[in-house]
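All remarks here apply to the structure that follows.
The values are calculated or read from the model by the stated rules, or taken from the named source; none is laboratory data. This structure is a prediction, so every number in the text was calculated from the model and none was measured. Cβ atoms come from the backbone with ideal geometry, glycine included; neighbour counts cover every protein chain shown.
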Amino acid sequence: MVNCARMIRAVTLDLDDTLWAIAPAIARAERRMDDWLQQHFPAVAARWPISRLRELRDRVASEHPELAHDFSAQRRLSLRHAFGDSLGHDHHAIDGGIESAFVEFQHGRHEIEPYPEVLDALARIAARVPLAALTNGNADLERLRMAEHFQFSLNAREFGRAKPDPSIFHAACERLGLPPGDVLHAGDDLDADVRGAHAAGLTSAWIDRRGTVEPPAEAHLHFGCLGALADWIESRVPVPSEKSRRGAGAPSTPMKKPTRSPLT
Ligand SMILES: [Mg+2]
């Protein structure tokens, strides 16, 4: 691990593949949406099974680079194509069907299983420094039971640009009330998280659960899981007093606990 002499006063965290595995969540979401389509729009389901919809979504993503920061818009546009292809010009049915199908997808997409150490590690990190989510995905943190550990969540869809663009890292630092040099960003993706955070002036930490390749030079820190990052934070940052927490310039109120079940 690279020696990191900086004082860390806040942490931003990637979500997908850093706190949970995204592939099983997307697979559940696709199955749930397919079940719904079979029930309510069998013509669409017959013409656009899961594998074909997945290919369509990949094609939409490659043909619309202007939507690279917005996975929700990519998915809605894919559904519009599939519904239009199956139902012709029934615009009323198409518009309602797209939104309902997308709602089903999002329900499934939030049925995530955090990696085993994650909930404990989040609590340990949040006890030392303000914690914020910084994601290119479309997970709604307030739907998940870990929301209480975060001060806020900033996502690329709302912000308008995705990691590794420095502007989204700087926006998160601004909301934390801290210069980039005081903030550590951790994530699994070498380009979006590690190289992005490094270029934006943050301390970059690579969460590398596979441990198969050497960390790049842009990784100030390198951990095998989130628990190891929590160990590192605890070894470096004392438990803050209430007074110092209030003076940190960060929002003092964590995100609300979810009002819905984490599985809805
Ligand atoms: Mg990720």
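The set of residues in segment 155-170 that are touching a residue at least 40 places away in the same chain (Cβ under 8 Å), at negative phi and surrounded by fewer than 23 Cβ atoms within 10 Å (Cβ to Cβ) comprises ALA156, ARG157, PHE159, ARG161, ALA162. Report yes if ALA197 is farther than 28 Å from TRP36 by Cβ and assigned to a helix (DSSP H, G or I), otherwise no. Yes.
Taking the conditions (1) of a type outside the set (A, V, I, L, M, F, W, C); (2) modelled with pLDDT of 95 or more; (3) within 16 Å of the ligand (Cβ to nearest atom); (4) surrounded by fewer than 17 Cβ atoms within 10 Å (Cβ to Cβ) in turn, ARG195 satisfies each one other than (4).
Here the condition is being over 30 Å from HIS170 (Cα atoms) and surrounded by fewer than 18 Cβ atoms within 10 Å (Cβ to Cβ); of GLU30, GLU99, GLU113, it holds for GLU99 alone.
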